[in-house]
Amino acid sequence: MKSYTIGLVFMICLAFSCKHGDKEAYVHLNSTYVLDSIVILDTATERTIASVNSENKKQQMKLKWTTVASINGRLKNNRYLTILEPQKDLNVLVKADSSLTTHIKADSILNYLSKSNLDFANNNLSFIFETEALDSIPIFFDAFRKQRAEEINLFRKELNPKVLTLLHYQNEARIYSFLLWLGRVSKNLEASNSFFDFVHKIPPPDWTSRTFPSIYLYKYEIEYLRKNLNIQNISDFLSYLDEMVPDKETSDLFKALYIKGLIKSPSYWGKHIEHFNTDVLSDIMMDEKDNIHYSLMQEAAQSFYKSQNKSFAYNFKAVDQHNKSLHLEDIKGKVVFIDVWATWCGPCIQHRPKVLELAKKYDDNDNVEIVMLSVDSSKELWLSFLEKEGNQPGLNLFIKDGMKTDFGQHFNITEIPRYIMIGKDGRILNSRMEMEMEVIEADIEAARSAN
């Protein structure tokens, strides 16, 4: 058994389909141990490619092209990246510490690219966030990109040309992804800022772009804004994507991920959100009904509709620190302000004193309930935090991994902190409030006074 105790052997047998040109694959699980389950997800779409456990030892799947996927184990953060190739067997090994590996050189390089990207950014935070010479940051990261490209080329004789091309793209895409996040989201720079001039180095999309498509959405946003100054409307940007990406399958993927991003990661699309609402989404869903990746948008849209203002709030179930169950309907008739948070969330902890101040203000008010709902994965961490905090006003509740549950789905909880206000009739008054105390208090008072 060497360095591992459990061997899960996935034999991916691929054959060409005469009708559609897809490569059929069968996933087999050969193991006498029932200690783990494995889910393989497409990294771009987050769709499940395969799910194997002791009861499901064989599953058919279809792959249209070489792609990047994540192998996810039973334990949190137990994740390993892999390149799925047609007609290639895949052996996934679960080590004694439950970590995953495939012992494939290309996969090892791929995981190195992912980890080293984060390490490089973390090791240079002071420079990244303190330098006033913003244009020097892309130059700094480009040197790192070139260094990794040289490291990849050391193994070019061991890798087939297609995989080598994909690894070089992954190297570049991960660098560009961080820089685009830094400029667009963290530093909130205008598209005209010369910091973004590097986007012209991003080549036109090809088959590799489907393995890390987000950088193209951000690239096209920069170029669109440099041309138009402002986002005209959501449909106009979708048309721009069609114009820039003539290949329908790739364009459909980009558009579907853009709409999903507006719903699931609104902080990434600050200049677009003001143009986005349920009516706009309904029109888009009608226009995109022939989109090859329509299901990606549809799943996100359903969550969006459920979380919108004036909808009846989902009657979630949670527990308090004494393990007593409580449903939302148990406090119906009150104005309910919900702070969705977790102990690992820095901004949540930073804003918590304001939430506690709000809870103190309405502690003796029978018409208002201030709920602080933890979505931690560990109940013990949550309880330990409350114990250190001491006796505080407000109602503390817990839903284990709440962002991944029906609660997260119905309220479209993809980012925290998240602040929600529900009226006395059980309808959502505001599903995405800003932490501005004066505005929140004014809205609570208005809802409390309403009939």
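Numerical summary
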read-out	value
Lys260, Lys157 arranged by Cβ crowding within 10 Å, fewest neighbours leading	Lys157, Lys260
Given charges at Cβ of Lys, Arg, Asp, Glu: the chain dipole, positive-most of Ile370, Val280, Leu75	Leu75
Nearest-ten-degree value, helix 234-244 long axis tilted from longest Cα axis of the chain	10
In degrees, nearest ten, helix 379-389 long axis to first principal axis of the chain (Cα)	50
Reference-scaled alpha-carbon Rg (2.2 N^0.38 Å with N residues) for the stretch 178-269	1.01
Asn365-Gln308 FRET efficiency (beta carbon distance; Förster radius 30 Å; 0.05 resolution)	0.65
The stretch 97-113 versus the stretch 236-298: alpha-carbon centroid distance in Å	33
Karplus 3J(HN,Hα) series, Hz, for the stretch 188-198 with 6.51 cos²θ - 1.76 cosθ + 1.60 (x for Gly, Pro)	6, 7, 5, 4, 6, 4, 5, 3, 8, 4, 5
Gap separating the Cα centres of the stretch 309-331 and the stretch 392-451, nearest whole Å	11
The stretch 105-118 - phi-based ³J(HN,Hα) in whole Hz, Karplus 6.51/-1.76/1.60, Gly and Pro as x	4, 4, 5, 4, 5, 4, 5, 4, 4, 5, 5, 5, 4, 5
Antiparallel bridge percentage (DSSP; both residues within the stretch 295-423; nearest 5)	45
Positive-end extreme of charge dipole, the chain - chosen from Thr45, Ser235, Ile349 (charges on Cβ)	Thr45
Gained length - Asp283 relative to Leu395, 0.36 nm times residue gap less alpha-carbon distance	36.3 nm
Fully extended contour minus Cα-Cα distance, from Met437 to Asn123, at 0.36 nm per residue	109.4 nm
With Cα atoms, 0 to 90° folded angle of helix 437-449 axis to the chain main axis	60
Leading residue at positive end of dipole, the chain (Cβ point charges), from Ile259, Pro86, Ala143	Pro86
Segment Ala450-Ser99, extension gain: residue separation times 0.36 nm, minus the distance between their alpha carbons	120.9 nm
Debye, to nearest 20: dipole size of the stretch 339-451, +1 on Lys, Arg Cβ, -1 on Asp, Glu Cβ	260
Nearest-20 debye value, the chain charge dipole, Cβ charges on Lys, Arg, Asp, Glu	1480
Candidates per GluC sites (Glu not before Pro) in the stretch 245-296, loop by DSSP, up to 12 other Cβ within 10 Å	Glu274
Label-point gap, in nm, between Ser37 and Lys379 - each point 7 angstrom along Cα→Cβ	2.0
Residue-by-residue Karplus 3J(HN,Hα) for the stretch 281-289, coefficients 6.51, -1.76, 1.60, Hz, glycine and proline x	4, 4, 5, 5, 4, 5, 5, 9, 5
Shape call, the stretch 317-449: gyration tensor on alpha carbons, a/c limit 1.5	rounded
In nm, spacing of pseudo-spin labels at Asn228 and Lys64 (7 Å Cα→C-beta vector)	2.6
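Read-outs throughout are calculated quantities, based only on the coordinates presented, and are distinct from any laboratory measurement. No experiment lies behind these values; they were computed from the predicted model shown. Don't worry about glycine lacking a Cβ; one is built from the backbone with ideal geometry, like all the others, and counts go over all protein chains shown.
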